[in-house]
1. Out of the residues in the stretch 155-203 that are within 12 Å of the ligand (Cβ to nearest atom), under 19 Å from residue 227 (Cβ atoms) and within 16 Å of the chain's Cα centre (by Cα), which is surrounded by the most Cβ atoms within 10 Å (Cβ to Cβ)?
2. I'd like to verify a number: residues in the stretch 179-208 that are assigned to a loop (DSSP other than H, G, I, E, B) and under 24 Å from residue 45 (Cβ atoms), how many?
3. What are the residues in the stretch 130-178 that are in a helix (DSSP H, G or I), out of contact with any helix residue (DSSP H, G or I) (no Cβ under 9 Å at 6 or more places or on another chain) and not aliphatic (A, V, I, L, M), if any?
4. Only one of these is within 15 Å of the ligand (Cβ to nearest atom) and crowded, with 16+ Cβ neighbours inside 10 Å: 63, 50. Name it.
5. Just give me the residues in the stretch 108-154 being among the small types (Gly, Ala, Ser) and more than 8 Å from the ligand (Cβ to nearest atom), in sequence order.
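Values quoted throughout were computed directly from the atomic coordinates according to the rules given, and no laboratory measurement underlies them. Note that the coordinates shown come from a computational prediction; the quantities given were computed from them, not determined experimentally. As a convention, Cβ positions derive from the backbone with ideal geometry for all residues, glycine included, and neighbour counts pool all protein chains shown.
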Amino acid sequence: MGLPACFRGLALHLPDTLILDMRKDLHRVVAIDGPAASGKSSVARELARRLGFAYVNSGAIYRAITWHVLQSAIDPGDTSGVGQALESVTIACDIVNNESRILIDRIDPTDYLHDDRVNEGVSHISGVPRVRSVVVQKMRDYARSHNLVIEGRDIGSVVFPDTPYKFYLNASPEVRLRRRAAQGQRDEITMRDHADSSRLVSPLVVARDAHVIDTSLLTIEGVVNQIIDRLEQKGLHVPS
Ligand code: CDP
């Protein structure tokens, strides 16, 4: 969907955030950020269902790129190799059944996104500025056509700084480790948290105006209900 005709020439000279701001009455974005195993995916998916919005998992794109880099036998720590791999790949993002889907050179890598080696490599890949700008663009493209619930690390702080609907989920390290172990995954979440929080580009931070929820002792439904209460207070219509 394009900008109104009167804005088109003007938009060429404006930064992205401002262009999105002009469009914010068209498509709404609920940003759900937080560290690994804080409950983002389950909460964001259920919230999207309740709102009738599309659910977008931004981490899945970083994971899909990591999978592609590994398939190409490139070391995730090799920044220039990663950049070259990006130049020659087609990353297609669309919405199927109200959820984001990613195709890498027309292959759906969903089954491999939580492989141990992807878990190990993804925080290297997500620290590469070129990778980040590709993924941020994909997120903003989604918002041109759909109302969204997006989960990630920088959705409220960097990708959609103008959205009034920002949430940051957290849980104690013990609870998060237990949740990941229950999923049967080998995932060094403490290391990933450290890498994600300390990187130079778009580190994991609590956006200034985000509403923080500790999910340690809450059910998924409990967290979703808290978010919905807050969204309603902010004037967002929630279908009953
Ligand atoms: O499921 P989990 O929270 O463990 O991770 P994820 O959402 O699948 O994200 C995997 C990795 O992608 C994170 O550890 C970050 O390194 C990166 N990521 C990011 O940098 N920015 C985002 N918006 C989303 C994910």
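1. Among those residues, the one meeting the criterion is 155.
2. Of all residues in the stretch 179-208, those assigned to a loop (DSSP other than H, G, I, E, B) come to 183-188, 199-208.
From what's left, under 24 Å from residue 45 (Cβ atoms): 183-187, 202, 204-207.
Number of matching residues: 10.
3. Of everything in the stretch 130-178, those that are in a helix (DSSP H, G or I), out of contact with any helix residue (DSSP H, G or I) (no Cβ under 9 Å at 6 or more places or on another chain) and not aliphatic (A, V, I, L, M) turn out to be 133, 141, 142, 145, 156, 157, 174, 178.
4. Step by step, each of 63, 50 is checked, and only 63 is within 15 Å of the ligand (Cβ to nearest atom) and crowded, with 16+ Cβ neighbours inside 10 Å.
5. Residues of the stretch 108-154 among the small types (Gly, Ala, Ser): 121, 123, 126-127, 133, 143, 145, 152.
Hits for the stretch 108-154 are 121, 133, 143, 145.
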